[in-house]
Amino acid sequence: MNLNQLIILVFGLLVTSGVEAESIRKEKPNYIVIFCDDLGYGDLGSFGHPTIRTPNLDKMAEEGQKWTNFYVSSSVCTPSRAGIMTGRLPIRNGMCSDNHRVIFPESKGGLPESEITFAKILSDHGYNTACIGKWHLGHEPQFLPTSHGFDYFYGLKYSNDMDRDPNIDYWKSCRHPKQEYFQISLYRNHEIVQEQAIQTELTKNYTKEAIAYIEKNKDKPFALYLAHAMPHVPLFRSDEFEGTSKRGRYGDVIEELDWSVGQVLKALRDNGLEKKTLVVFTSDNGPWLMFQSHGGSAGLLSGGKGSTYEGGMRVPTVFWGPGIVEPGVVMEMGSTLDLFPTFCALSGIDLPQDRIYDGSDLSPLLQGGHEPVRNEIIYYRGTKIYAVRKGKYKAHFLTKSGYGGDPLVVHETPLLYDLEVDPAERFDVASEHPDIIEEIKTFVDAHRSTLKPVTNQLDLY
Ligand code: MG
């Protein structure tokens, strides 16, 4: 063997021994988004719940960052999911409506093919991608996860209370749930694996799938979207978690989700991926208060799912990733809209220039910075702006409870709350700050000028 051959051989060995894989790794962390359904701001031990035990999430928050001002783009499932997937407000892609708040089994619409999900852009840059759990962005073939950048799908196409026995009263079926009331199917890619999903096993099965996926992809960058069915009503938990919580059935469900988080983080550690993976834990919207003890709690916040009060759209959020995330409590604003640009930034991917993004790159804050990366939150309900937060102030232009029969109230002078002093939105300070209201109105006008008419996907039947 001459010197040249030796150099080629050594180089080849270095490449195959993983030096190249390691350098790719440094540039491209893995991403896991654990997305709960209808989990309230006050439902975790670390966010103040007095009788739900969440030791794994509490530890995750201690080792990572607990975000106390983190928002979703809508207070209900479908538009909120469109936001986290695309980094764009649902008003930009027709995924919100004033007639149908979410996609129903009879709906024909879905996330337009022209939209780019975080899975799609990561997949285009060498990532393996999986959606394990609930989709709810359209169930026609062109709208499914596998048509939107995910290589793998295991889960439900929409909510676990849909496809129910029409002979059973909805309230009863959700307040006193039995397996036989619900017919929703569990899929693996395009195949049905359970004609009638066994709902008591969903959390456990999703967890098993997630662990297997992590193990299978330990040598390649991956993005895993783990979108739990729980704690959306009807509440189901496995036998091991029946009666474990002092908070009743709802608490049992959260404690099983907490167990699941512990298993996912353990799988990362077992596979040596804990320093190469950013994990985000959050919820798609606030608690469904009308289900009383079967709904969660927004803690000190007002309102819940369906409303544009803080309880509807501020969600308990934890970022974890030793080496990527500087531990601490972050009080700056963040949004699920920010995940898309954050993932792109951390992976060295340029944001597409052909569309408007509503998110900001959170990585400076994740890495211990204190400068805010966003200063506004827009609270849409359907296609209308109900409220806007700018800095610490939030103006309500329209108010209505999440699911109540109360009339819509139009506020000629918007209600104004200082959310830093008054997170529960109790003390209207509009008369003291007309200048702030003017600033917010100017911001709304500027935002509206960026909107273009689009097909309303939620009204297609
Ligand atoms: Mg939800």
Being within 26 Å of the chain's Cα centre (by Cα), at negative phi and outside the structural domain of GLY323 (by TED's automatic domain parsing) narrows HIS447, HIS433, HIS411 down to just HIS447
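Just a yes or no: is a residue in the stretch 343-352 on the phi > 0 side of the Ramachandran plot, open to solvent by 10 Å² or more (accessible area, probe 1.4 Å) and assigned by TED's automatic domain parsing to the domain that holds LYS120? I'd like the intermediate steps shown before the answer.
Start the filter on the stretch 343-352 by keeping residues that are on the phi > 0 side of the Ramachandran plot, which leaves 348.
With open to solvent by 10 Å² or more (accessible area, probe 1.4 Å) added as a condition, the list becomes 348.
Within this subset, residues satisfying the condition of being assigned by TED's automatic domain parsing to the domain that holds LYS120 are 348.
Yes: one or more hits.
Taking the stretch 271-293 as the region of interest, how many residues are over 20 Å from the mean Cα position of the chain (by Cα) and away from the ligand (no atom under 14 Å from the Cβ)? Please lay out each step first, then the result.
The initial filter retains those residues of the stretch 271-293 that are over 20 Å from the mean Cα position of the chain (by Cα), namely 271-276, 290-293.
Pick out the ones that are also away from the ligand (no atom under 14 Å from the Cβ) and you get 271-276, 292-293.
Counting residues in the stretch 271-293 that are over 20 Å from the mean Cα position of the chain (by Cα) and away from the ligand (no atom under 14 Å from the Cβ) gives 8.
With the requirement that a residue be closer than 19 Å to ARG249 by Cβ and surrounded by fewer than 24 Cβ atoms within 10 Å (Cβ to Cβ), what does the stretch 298-309 give you? Write out each step before concluding.
Quick first cut of the stretch 298-309, residues closer than 19 Å to ARG249 by Cβ only: 298, 304-305.
If the condition is that a residue be closer than 19 Å to ARG249 by Cβ and surrounded by fewer than 24 Cβ atoms within 10 Å (Cβ to Cβ), then no residue fits.
Here are TYR158, TYR187: which of them is at pLDDT 95 or above, more than 16 Å from the ligand (Cβ to nearest atom) and either surrounded by 13 or more Cβ atoms within 10 Å (Cβ to Cβ) or not in a loop (DSSP other than H, G, I, E, B) (or both)? Let's see the steps before the verdict.
Working: TYR158 fails: more than 16 Å from the ligand (Cβ to nearest atom).
Going through TYR158, TYR187 in turn, just one is at pLDDT 95 or above, more than 16 Å from the ligand (Cβ to nearest atom) and either surrounded by 13 or more Cβ atoms within 10 Å (Cβ to Cβ) or not in a loop (DSSP other than H, G, I, E, B) (or both): TYR187.
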Evaluate the following for ARG355: is it charged (D, E, K, R), out of contact with any Phe, Trp or Tyr (no Cβ under 9 Å at 6 or more places or on another chain) and surrounded by 18 or more Cβ atoms within 10 Å (Cβ to Cβ)?
-> no
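Determine, yes or no, whether LEU268 is in a loop (DSSP other than H, G, I, E, B), open to solvent by less than 30 Å² (accessible area, probe 1.4 Å) and more than 16 Å from the ligand (Cβ to nearest atom). Even if it seems obvious, please write down each step before you answer.
Numbers: in a loop (DSSP other than H, G, I, E, B): no; open to solvent by less than 30 Å² (accessible area, probe 1.4 Å): yes; more than 16 Å from the ligand (Cβ to nearest atom): yes.
Spelling it out, it is not the case that LEU268 is in a loop (DSSP other than H, G, I, E, B), open to solvent by less than 30 Å² (accessible area, probe 1.4 Å) and more than 16 Å from the ligand (Cβ to nearest atom).
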Evaluate the following for PHE70: is it surrounded by 21 or more Cβ atoms within 10 Å (Cβ to Cβ), over 24 Å from LYS305 (Cα atoms), of a type in the set (A, V, I, L, M, F, W, C) and within 18 Å of the chain's Cα centre (by Cα)?
-> no
Away from the ligand (no atom under 16 Å from the Cβ) and within 11 Å of HIS136 (Cα to Cα), is that true of GLY94?
-> no
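Here is a list: VAL330, VAL280. Which entry is touching a strand residue (DSSP E or B) at 6+ places or on another chain (Cβ under 6 Å), open to solvent by 10 Å² or more (accessible area, probe 1.4 Å) and on the phi < 0 side of the Ramachandran plot? So that I can check it myself, show each step before the final result.
Values: VAL280 fails: open to solvent by 10 Å² or more (accessible area, probe 1.4 Å).
From the options VAL330, VAL280, the qualifying one is VAL330.
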Among the residues of the stretch 384-392, is there at least one that is open to solvent by 40 Å² or more (accessible area, probe 1.4 Å), of a type outside the set (Gly, Ala, Ser) and within 18 Å of THR442 (Cβ to Cβ)?
-> yes
List the number of the failed condition for HIS370; all other conditions in (1) open to solvent by 30 Å² or more (accessible area, probe 1.4 Å); (2) more than 23 Å from PRO287 (Cα to Cα); (3) at pLDDT 95 or above hold.
-> (3)
Candidates GLU63, GLU106 - the one that is at pLDDT 95 or above and closer than 22 Å to MET333 by Cα = GLU63
So, in the stretch 310-322, of the ones that are part of a loop (DSSP other than H, G, I, E, B) and away from the ligand (no atom under 16 Å from the Cβ), which residue ends up least open to solvent (accessible area, probe 1.4 Å)?
-> GLY321
Return a yes/no flag: does the stretch 211-230 have any residue that is in the same structural domain as LYS120 (by TED's automatic domain parsing), modelled with pLDDT of 95 or more, under 22 Å from GLY48 (Cβ atoms) and not small (Gly, Ala, Ser).
-> yes
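The values are calculated or read from the model by the stated rules, or taken from the named source; none is laboratory data. All values derive from a computational prediction rather than experimental measurement. All Cβ positions, even for glycine, are placed from backbone atoms using ideal geometry, and neighbour counts span all protein chains on display. When the accessible area is computed, the model is the full protein with side chains, heavy atoms only, and any ligands, DNA or RNA have been set aside. Shrake-Rupley method; radii C 1.70, N 1.55, O 1.52, S 1.80 Å.
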